[in-house]
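J.: Got a structure here, written out as structure tokens. Questions coming.
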Amino acid sequence: MGAEALCGIVYGSPIPQFVIDKNHMVVYWNQALAEYSGMKSEDMIGTNRQWQAFYVYERPCMADLLVDQRITMIPRLYKGKYSKSKLVPEAYEATDFFPAMGKAGKWLYFTAAAIRDAHGDIVGAVETLEDITDRKAAEDELRKRASKLQDNKKALIRAVQSLDIEKIALAKEKAKAEAILMSIGDGLVITAGPEGRILLTNAAFDRMTGWGAREIAGRSLFEVMPCQDEKGAAVPSEKRFISRVLAGERPETATFYYVRKDGTRFPGAVTVTEIGFEGERLGAVSVLRDVTREIEMDRAKSEFISLASHQLRDAPTAISWCAEALLIASQGPLNKGQKEYVEEIYRRNKGSIGLINDLLNVSRIDLGTFIIEPEEVSLKDICKSELKQFELPLKEKQLVLEEDYDASIPPINADPQLVQVVFQNLISNAIYYTPEGGRITIGLLKSAGGIVFKVADTGYGIPQDQQSKIFGRMFRADNAKVVRSGGSGLGLYVAKSILDQAGWKIRFESREGKGTVFYVDIPLSGMISRPGQTKLTRGIV
């Protein structure tokens with residue numbers, strides 16, 4: 001199915017939902033969600049402002065956590081409010097109150113699932129929403145009445161189990177309780193004893209099952225409403241929630257299929273509460289909710305995820321492959337003008353990939369999810385490997401490169417990928433912000449406290465009044481913006497954040513118009529190991 005059909009599925013769905021790509025940018029924001037949130041699709045697509053529909057401050061939605069595989073953050077942000085989906089692998093569902101939505105806040109039931117491509121890589125996530133404010137209001141009303149029902153519980157049960165002299169008075173209390181229970185939106189049934197003898201049902205339960213209250217009063221719930229699993233196999237009475245609760249178990253909420261009077265069946269989520277008095281288990285109150293719509297939503301999401309996985313490809317990578325193929329003349333030689341256009345596409349696309357990698361790294365750093373896995377490495381080998389990637393820009397700018405490596409420097413324990421990221425960012429800055437014909441010096445030197453990695457240039461330097469901000473996120477000095485308009489301002493922030501977490505230090509000296517020297521102080525003990533969820537990504541040179 002093509003992108004146009006896929007968009008039609010999303011935008012035409014009555015279920016509010018949105019999709020983000022792996023960079024947290026909104027890809028789809030359907031009409032149902034636009035009407036519900038008051039935020040137009042055209043204002044949201046292409047942004048990472050999905051949080052504004054739900055919160056007054058910026059924080060990740062559940063879909064954002066799945067994109068970054070920050071599963072450990074879900075219990076922290078949705079403690080006591082979430083569970084794994086029983087129907088969709090890798091999906092999570094939660095119920096929460098959002099005070100910023102509407103005039104008095106709204107309760108939402110929402111489900112998020114990761115979207116993977118054909119290789120199994122996460123390329124985005126989908127989140128689907130359902131307004132359950134009315135149901136929550138009904139549940140709140142039921143809880144408010146719980147105290148009164150508790151007081152009348154003994155009288156209510158005794159009234160239907162005996163013919164003593166209190167029957168008439170208790171019948172009045174029963175009528176009051178029935179009026180309350182009949183107004184509940186979900187199906188409700190009160191049963192007595194382990195056999196599940198039906199004492200009372202509400203109108204919602206009767207509509208759900210097709211039975212009349214008088215038809216089933218006194219009969220066993222197990223007989224009136226047989227229970228099946230998804231494949232249609234009967235669930236034994238001792239395995240049903242009522243029996244398990246009365247046996248002292250505390251089963252988790254689960255979805256079963258219940259058979260109606262006419263033989264058709266529906267999926268229902270049931271919650272059972274024991275009715276007891278003075279240690280005796282007298283019966284149970286069961287609240288049954290028809291989850292047909294939720295099942296259909298999950299199925300629709302599964303289909304949508306499958307389709308979206310084929311649509312949300314890594315476009316920049318595909319562009320790079322195509323541009324490289326054209327540049328090596330795999331489809332025939334290019335004329336001079338064509339080659340210039342393709343080279344410009346290739347160069348700018350590499351810049352986009354680099355920016356994406358920087359943003360991903362910043363996200364992982366800010367959330368503390370990146371891994372530090374030290375191993376024995378040669379700093380000199382890593383430095384030379386990084387310099388090799390910069391041979392072309394060094395040559396194009398006719399920069400003089402000097403290298404100074406102390407031969408006595410031993411191997412140390414460090415995460416090679418993180419060292420590469422730090423070295424690459426410092427070296428690339430020196431190259432980008434040094435004019436043609438300038439000089440760059442790279443060195444690894446012994447010091448009293450260990451090893452110093454040094455990157456010196458004869459470039460534009462950093463203005464004195466801006467030096468205190470140089471390691472800030474997205475910060476670029478004024479003269480740097482003039483020289484190079486395409487920088488992200490994230491390189492030094494990423495480098496310092498890595499070094500802070502690894503237990504290393506970074507410092508610099510700079511004079512505007514004269515150049516800059518960055519120093520990384522490296523202890524001989526190497527890096528501090530740290531568990532996490534993912535590795536940082538190297539940039540594109």
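The values are calculated or read from the model by the stated rules, or taken from the named source; none is laboratory data. Predicted model, so just to flag it, every value in this text is computed and none were measured. Here the Cβ positions follow ideal geometry from the backbone for every residue, glycine too, while neighbour counts run over all protein chains shown.
J.: Which one is surrounded by the most Cβ atoms within 10 Å (Cβ to Cβ), of the residues in the range 72-83 that are free of Cβ contacts under 8 Å to residues at least 12 places away in the same chain and under 13 Å from the mean Cα position of the chain (by Cα)?
T.: Ranking the qualifying residues of the range 72-83, first place goes to Pro75.
J.: Please find, among Glu223, Glu249, the residue that is at pLDDT below 85, under 16 Å from Gly196 (Cβ atoms) and not assigned by TED's automatic domain parsing to the domain that holds Leu87.
T.: Result of the check over Glu223, Glu249: Glu249.
J.: Residue under question is Leu282, and the condition is that it be touching a residue at least 40 places away in the same chain (Cβ under 8 Å), surrounded by 19 or more Cβ atoms within 10 Å (Cβ to Cβ), out of contact with any helix residue (DSSP H, G or I) (no Cβ under 8 Å at 6 or more places or on another chain) and not assigned by TED's automatic domain parsing to the domain that holds Pro16; does it hold?
T.: no
J.: May I ask you to list the residues in the range 82-99 that are within 21 Å of Ile295 (Cβ to Cβ) and not acidic (Asp, Glu)?
T.: Correct list: Tyr82, Ser83, Lys84, Ser85, Lys86, Leu87, Val88, Pro89, Ala91, Tyr92, Ala94, Thr95.
J.: In the range 395-409, which residues are touching a strand residue (DSSP E or B) at 6+ places or on another chain (Cβ under 9 Å) and surrounded by fewer than 17 Cβ atoms within 10 Å (Cβ to Cβ)?
T.: Residues satisfying the conditions are Val400, Leu401, Glu402, Glu403, Asp404, Tyr405, Asp406, Ser408.
J.: What number of residues in the range 461-491 are of a type in the set (A, V, I, L, M), buried (at least 21 other Cβ atoms within 10 Å of the Cβ) and closer than 23 Å to Gln417 by Cα?
T.: Adding up the residues that qualify gives 1.
J.: A follow-up question, please. Out of all the residues in the range 220-245, which are basic (Lys, Arg) and crowded, with 16+ Cβ neighbours inside 10 Å?
T.: Selection gives Arg240 alone.
J.: Return the pairs, sorted by first residue and then second, in which the second residue is surrounded by 16 or more Cβ atoms within 10 Å (Cβ to Cβ) and among the β-branched types (Val, Ile, Thr), the first residue lies in the range 466-481 and is under 18 Å from Thr434 (Cα atoms), the beta carbons are less than 9 Å apart, and the residues are 6+ apart or on different chains.
T.: Ile470/Ile462; Ala477/Ile462; Ala477/Ile470; Asn479/Ile462; Ala480/Ile462
J.: A further question follows. Give the range 426-484 a look and list any residue that's farther than 28 Å from Ile365 by Cα and in a loop (DSSP other than H, G, I, E, B), or say none.
T.: If the condition is that a residue be farther than 28 Å from Ile365 by Cα and in a loop (DSSP other than H, G, I, E, B), then Thr434, Pro435, Glu436, Gly437, Gly438, Ala448, Thr458, Gly459, Tyr460 are the ones that fit.
J.: Can you tell me which residue is farthest from Ile365 (Cα to Cα) among those in the range 485-503 that are over 27 Å from the mean Cα position of the chain (by Cα) and without any contact (Cβ under 8 Å) to a residue 40 or more places away in the chain?
T.: Ser485
J.: Oh, and also: Within the range 376-396, is even one residue among the aromatic types (Phe, Trp, Tyr) and at pLDDT below 90?
T.: Scanning the range 376-396, I find at least one residue that is among the aromatic types (Phe, Trp, Tyr) and at pLDDT below 90, so the answer is yes.
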